[in-house]
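In what follows, a single structure is set out as C-alpha cells and then discussed.
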Amino acid sequence: MSVRWDRALARIRSLLDVSSERELAATLLAAIAIAGATIGFATYLLPHPAGTDFVAPTVAFAASLGAGTALWVRRRRAPWWAIGAMVALGSLVVTVAMVSVPGRSGAYVTYFVWLGIFAFYFLRPRWALVQTAWIAALYAVAVVLDDQQGPVELWVNGVATTLGVGLLVLALRTRIEALLGTLERTARTDQLTGLPNRRAFDERLVVELARLDRTGDRVALLILDLDRFKQLNDTSGHLAGDEALRVVAGVIRAGIRTVDWPARIGGDEFAVLLPGAGEAQATMVAERLRIGIAAAFRDAVVPLAASIGGAARAGDEVDGEELHGEADRALYEAKRRGGSVRFGASPAIIAG
C-alpha cells in the first residue's frame, strides 16, 4: 500500500512539474473540470429531492468533461483566453447543477468559491473581477429560480465569500511574490557593497556572451584587485576593510556607464563587464577607476591602490572562461608591476 501511495504522489509531482505558470494553470483547471464532472455524475447515485432535473446537468457535466479533456490534451500550449473561458464554463456548469436540484443553491455555492480562488490566483486581477461578476450574475439567476427563503441574503453571502476569499488569495500571492523577489535579489547581491555578487556576475556574463553570438558585437571584461588590502585589515581592523570595500564600490559605480555591469566577485576583487567596448575604451575606463581609487585613499593610514587586468573580444562564439582567464592573467601581471592596468596580452601597460 505504501509503495502504491508513493507512486501516486510521484505521479502527481510529475504532472505539476511544468515549465510555465500558464501550463500549471491549464493542468490544474483541466483536472478540476474532469474531476468535477465525474463527481457530478457520481452524485446521481445519491438520493435527490422530487422535481430534480437530470437532463440539464447531464449535458453540463458532459460539456465540462469534454472541455476539460481537450484542455488537458493541449495544456502545454493552451492560451490564457482558453483558460479564462474554461473558468467561465465551470461557473455555468455549477449554476446548472444548482437550478436542477431544488433547494441546493446554498449548498453548491462552495464551487463558486473554488473557481474564484483559481481566478484570483492565476488570472490577472481585472479578469478575476470579471469572472466574479459573471459568478454574481449566474448566482442571482440560481437563487431566484431556486425559490428559497432569503434569496438576497444567499446571494450576498455567496458573492461576498467568493470575492473575499479571492482577494485574500490575491493579496497572499502578491506578498509571496514580493518576498521571493527580495530573496532572489538578496541571493544575487553582495550585502557589504550592494553590488551584484559572483553568482549574478556569472549569470550576466552568460547573457552578454549570448548577445554577442546574435550580434557579433564587442565586449570587454575588467578584473580589479586591491593592493595592500591585507595590510589595511591587519593594521586597522576588518571594519576599516569593509568600509574600504564600500568606498571602492562607490568609485566603480561613479566611473562606469549605466550599461556597464560591476560586481564584487571575491574578497577584495571586483569585476566590470563592458558591453560594446573594445580594448581602447576599456583601458580608459580601467585607468579612470585606478586613479579614482588611488585618490579616494590618498590620505588614508594605508593608501590602497588597485591593479586592473582586462580582456576584450568581438564576434560570436566568445568563450567566457577564456575571457575571464585572460583578464586574470593580465591582473596578475598588473599586480606584479605594483598597481597598474594591463590589458590582455597587449604590451601596453599604464603604470600606477
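Figures for the structure shown
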| read-out | value |
| --- | --- |
| Top-ranked residue in the range 83-102 [being over 15 Å from residue 57 (Cβ atoms) and touching a helix residue (DSSP H, G or I) at 6+ places or on another chain (Cβ under 7 Å); ranked as surrounded by the fewest Cβ atoms within 10 Å (Cβ to Cβ)] | 88 |
| Number of positions in the range 45-60 that are part of a helix (DSSP H, G or I) and either more than 19 Å from residue 90 (Cβ to Cβ) or under 38 Å from the mean Cα position of the chain (by Cα) (or both) | 3 |
| Residues of the range 103-130 classified as under 23 Å from residue 51 (Cα atoms), aliphatic (A, V, I, L, M) and in contact with a helix residue (DSSP H, G or I) (Cβ under 6 Å, 6 or more places away or on another chain), total | 1 |
| Number of positions in the range 105-125 that are assigned to a helix (DSSP H, G or I) and either hydrophobic (A, V, I, L, M, F, W, C) or under 21 Å from the mean Cα position of the chain (by Cα) (or both) | 12 |
| Pair list, Cβ < 9 Å and 6+ apart or interchain, from the range 263-289 residues that are within 16 Å of residue 203 (Cα to Cα) to residues that are of a type in the set (S, T, N, Q) | 263/197; 264/193; 264/197; 265/197; 270/193; 274/281 |
| Any hit, the range 153-166, residues being surrounded by fewer than 15 Cβ atoms within 10 Å (Cβ to Cβ) and within 23 Å of residue 124 (Cβ to Cβ) | yes |
| Test: residue in the range 148-163 that is among the small types (Gly, Ala, Ser) and in contact with a Ser or Thr (Cβ under 7 Å, 6 or more places away or on another chain) | no |
| Residue that is in the same structural domain as residue 288 (by TED's automatic domain parsing), over 30 Å from residue 119 (Cα atoms) and at pLDDT 90 or above, where the choices are 221, 192 | 221 |
| Only listed residue being loosely packed, with under 15 Cβ neighbours inside 10 Å and in contact (Cβ under 8 Å) with a residue 12 or more places away in the chain, chosen from 200, 187 | 187 |
| Residue count for the range 218-239, restricted to those that are touching a residue at least 24 places away in the same chain (Cβ under 8 Å) and more than 17 Å from residue 309 (Cβ to Cβ) | 6 |
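Let's see how each residue does on (1) of a type in the set (S, T, N, Q); (2) touching a Phe, Trp or Tyr at 6+ places or on another chain (Cβ under 7 Å); (3) crowded, with 16+ Cβ neighbours inside 10 Å; (4) at pLDDT 90 or above:
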residue	(1), (2), (3), (4)
253	no, no, no, yes
260	no, no, yes, yes
268	no, yes, yes, yes
294	no, no, yes, yes
307	yes, no, yes, yes
321	no, no, no, no
348	no, no, no, no
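The rows are residues; the columns are (1) farther than 19 Å from residue 95 by Cβ; (2) in contact (Cβ under 8 Å) with a residue 60 or more places away in the chain.
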site	(1), (2)
122	yes, yes
132	no, no
143	no, no
149	yes, no
171	yes, no
174	yes, no
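Listed here are the residues, each with its yes/no results for (1) at pLDDT below 90; (2) aromatic (Phe, Trp, Tyr); (3) over 28 Å from residue 28 (Cβ atoms).
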{"site": "129", "(1), (2), (3)": "no, no, no"}
{"site": "138", "(1), (2), (3)": "no, no, no"}
{"site": "153", "(1), (2), (3)": "yes, no, yes"}
{"site": "164", "(1), (2), (3)": "no, no, no"}
{"site": "169", "(1), (2), (3)": "no, no, no"}
{"site": "183", "(1), (2), (3)": "yes, no, no"}
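The rows are residues; the columns are (1) surrounded by 15 or more Cβ atoms within 10 Å (Cβ to Cβ); (2) in the same structural domain as residue 93 (by TED's automatic domain parsing); (3) at negative phi.
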{"residue": "111", "(1), (2), (3)": "yes, yes, yes"}
{"residue": "117", "(1), (2), (3)": "yes, yes, yes"}
{"residue": "120", "(1), (2), (3)": "yes, yes, yes"}
{"residue": "126", "(1), (2), (3)": "no, yes, yes"}
{"residue": "130", "(1), (2), (3)": "yes, yes, yes"}
{"residue": "134", "(1), (2), (3)": "yes, yes, yes"}
{"residue": "138", "(1), (2), (3)": "yes, yes, yes"}
{"residue": "142", "(1), (2), (3)": "yes, yes, yes"}
{"residue": "147", "(1), (2), (3)": "no, yes, no"}
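The values are calculated or read from the model by the stated rules, or taken from the named source; none is laboratory data. Quick caveat: nothing in here was measured; it's all calculated off a predicted structure. Backbone-built Cβ (ideal geometry, glycine too); neighbour counts: all protein chains shown.
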